[in-house]
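Have a look at the structure below, then the notes.
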Amino acid sequence: MTTLLFYSDSDDIGSRVDWWRDTVAEQMPELEFRAWPDAGDLAEIDYALVWKPEPGLLASLPNLKAILSLGAGVDHIFADPQLPQGVPISRVVNENMALRMREWVLLHVLSHHRRQREYDQLQRARVWRDLEQPHAGERCVGVMGLGELGGDSARHLAAIGFDVIGWSRSPREVPGVRAFHGRDGLKAFLAETDILVSVLPLTPETTDMIDADFLSRLPRGASFINAGRGQQVVEADLLAALDSGHISEATLDVFQTEPLPVTDPLWTHPRVTVTPHIAAFTDPRALVRQVVEDIRRVERGAEVTNPVDPARGY
Ligand code: NAP
Ligand code: GLV
């Protein structure tokens with residue numbers, strides 16, 4: 001009997017355990033599904049489907065054949081100091097997630113571009129006034145992360161007429177996007193960017209990367225949109241850049257601490273939009289299809305669908 005352990009620290013996902021059990025059973029009836037903490041004999045667990053597994057949990061599964069991430073990001077797995085070495089890790093990649101991220105990115109880029117926050121304020125004051133408005137081709141959107149999600153959003157931003165540039169770790173070609181890469185390409189990338197969009201994974205290299213020095217390299221009045229991870233941003237530096245007017249506006253989906261504490265100044269800042277880590281969530285049906293495919297592959301000795309390279313950390 002092949003056995004899957006399901007673990008999520010998120011109430012939204014965890015509260016639907018019966019749904020996950022039933023949907024996995026529909027697609028792979030021969031798989032035994034166990035939900036943490038009812039894991040039974042840990043030596044019987046072959047696969048772990050996880051979101052933010054508690055440290056040491058994966059190391060306690062001696063016969064684990066693969067770790068399957070409930071998200072596109074895998075920082076929640078690499079955060080475990082006892083993560084077992086050599087066990088393959090698969091992460092979510094699907095069209096549905098790219099589509100949801102694209103919707104969120106386009107919504108907020110267009111809102112910044114068309115100055116919707118200021119029109120909302122004018123409406124509240126009952127003021128009928130038009131604001132200066134360049135067209136999309138005169139606005140440079142810089143997308144950090146040109147992978148499955150950032151690459152897709154960048155392509156679609158270019159398709160609606162923005163001047164789009166992108167930044168990645170290694171050279172990437174994305175249709176309609178002028179690409180920069182590596183630390184050497186970062187300064188030139190930031191210097192051109194009017195609206196900065198981040199869809200970067202969290203790794204040691206990207207942790208606390210968006211600090212005062214980084215923000216100061218953007219042109220005055222640039223705006224910032226973050227759907228990567230909150231730990232990439234030094235939030236006090238972002239607040240200072242907003243207060244000085246260097247950064248005109250920010251839309252944030254991810255935060256250093258989630259849920260964002262009720263006392264956090266980002267909630268009430270007049271030029272910050274907060275969304276609760278919903279930019280792109282995993283469509284559960286698509287995810288279960290991927291989980292089943294991964295298990296079938298490993299059982300026949302093949303590689304998982306979307307392997308994560310532990311050396312890169314994403
Ligand atoms: P991906 O396909 O692995 O793409 C990651 C991109 O980031 C690649 O282009 C990569 O460069 C680039 N990158 C990584 N480290 C870098 C560095 N140090 N400097 C410059 N570029 C770097 O990942 P994805 O599927 O697009 O997902 C990206 C992230 O989005 C996830 O890790 C997660 O944190 C976040 N996410 C957020 C939500 C949400 O709801 N807010 C939902 C899903 C995912 P290369 O091309 O050179 O490899
Ligand atoms: C969500 O943040 C994910 O990584 O899928």
> Which pairs have Cβ atoms under 9 Å, sit 6 or more apart or on different chains, and link a residue in the stretch 270-297 that is without any contact (Cβ under 8 Å) to a residue 24 or more places away in the chain to one that is of a type in the set (S, T, N, Q) and part of a loop (DSSP other than H, G, I, E, B)?
Replying inline: GLU293/THR305; ARG297/THR305
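Applying the selection to the stretch 108-142, what residues are basic (Lys, Arg) and within 27 Å of ALA154 (Cα to Cα)? Before you say what the answer is, go through the steps one by one.
If we filter the stretch 108-142 for residues that are basic (Lys, Arg), which is where we start, we get 114-115, 117, 124, 126, 129, 139.
Residues satisfying the conditions are ARG114, ARG115, ARG117, ARG139.
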> Does VAL292 satisfy the criteria of being more than 16 Å from ligand 2 (Cβ to nearest atom), of a type in the set (A, V, I, L, M, F, W, C), outside the structural domain of PHE214 (by TED's automatic domain parsing) and open to solvent by less than 30 Å² (accessible area, probe 1.4 Å)?
Replying inline: yes
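Take the residues in the stretch 48-71 that are within 16 Å of ligand 2 (Cβ to nearest atom) and open to solvent by less than 20 Å² (accessible area, probe 1.4 Å); name whichever of them is farthest from THR2 (Cα to Cα). Before the answer, list the steps.
Let us first name the residues in the stretch 48-71 that are within 16 Å of ligand 2 (Cβ to nearest atom), namely 49-53, 67-71.
Then keep just the ones that are open to solvent by less than 20 Å² (accessible area, probe 1.4 Å); that gives 49-50, 53, 67-71.
Working: LEU49: 13, VAL50: 17, PRO53: 20, ILE67: 14, LEU68: 15, SER69: 18, LEU70: 19, GLY71: 23 Å.
The residue in question is GLY71.
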>> Can you pull out every residue in the stretch 181-203 that is closer than 23 Å to ALA311 by Cβ and in a strand (DSSP E or B)?
In response: HIS181, SER198
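Provide a single number: the residues in the stretch 254-286 that are touching a helix residue (DSSP H, G or I) at 6+ places or on another chain (Cβ under 9 Å) and within 12 Å of ligand 1 (Cβ to nearest atom).
We begin by selecting, within the stretch 254-286, every residue touching a helix residue (DSSP H, G or I) at 6+ places or on another chain (Cβ under 9 Å); these are 254-258, 260-261, 264-266, 269-275, 277-286.
Remaining after also requiring within 12 Å of ligand 1 (Cβ to nearest atom): 254-255, 258, 275, 277-283.
Here the count works out to 11.
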>> List the residue pairs whose Cβ atoms are under 8 Å apart, where the first residue sits in the stretch 303-314 and is outside any loop (DSSP other than H, G, I, E, B), the second is β-branched (Val, Ile, Thr), and the two are 6 or more positions apart or on different chains.
In response: PRO307/ILE89
> Being part of a loop (DSSP other than H, G, I, E, B) and polar (S, T, N, Q), is that true of even one residue in the stretch 116-133?
Replying inline: yes
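Would you mind finding the one in SER244, SER216, SER248, SER223 that is among the hydroxyl-bearing types (Ser, Thr, Tyr), away from ligand 1 (no atom under 16 Å from the Cβ) and open to solvent by less than 10 Å² (accessible area, probe 1.4 Å)?
Going through SER244, SER216, SER248, SER223 in turn, the sole match is SER223.
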> Which condition number in (1) farther than 18 Å from TRP20 by Cβ; (2) of a type outside the set (Gly, Ala, Ser); (3) more than 12 Å from ligand 1 (Cβ to nearest atom) is the one that VAL93 fails?
Replying inline: (3)
> Restricting the stretch 147-162 to residues that are within 10 Å of ligand 1 (Cβ to nearest atom), open to solvent by 20 Å² or more (accessible area, probe 1.4 Å) and touching a Lys or Arg at 6+ places or on another chain (Cβ under 9 Å), which is nearest to TRP104 (Cα to Cα)?
Replying inline: LEU149
> Does any residue of the stretch 251-261 turn out to be modelled with pLDDT of 95 or more, over 15 Å from the mean Cα position of the chain (by Cα) and of a type in the set (Asp, Glu)?
Replying inline: no
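Give me a count of the residues in the stretch 89-115 that are part of a loop (DSSP other than H, G, I, E, B) and open to solvent by 40 Å² or more (accessible area, probe 1.4 Å). Spell out the reasoning first.
Here is the first cut: in the stretch 89-115, the residues part of a loop (DSSP other than H, G, I, E, B) are 91-94, 114-115.
Those still in the list that are open to solvent by 40 Å² or more (accessible area, probe 1.4 Å) too: 91, 114-115.
Total satisfying the criteria: 3.
The values are calculated or read from the model by the stated rules, or taken from the named source; none is laboratory data. Note that the coordinates shown come from a computational prediction; the quantities given were computed from them, not determined experimentally. Counting neighbours? That spans all protein chains shown, and the Cβs are built from the backbone with ideal geometry, glycine included. Note: accessible area is taken over every heavy atom of the protein model, side chains too, but ligands, DNA and RNA are not part of it. Shrake-Rupley method; radii C 1.70, N 1.55, O 1.52, S 1.80 Å.
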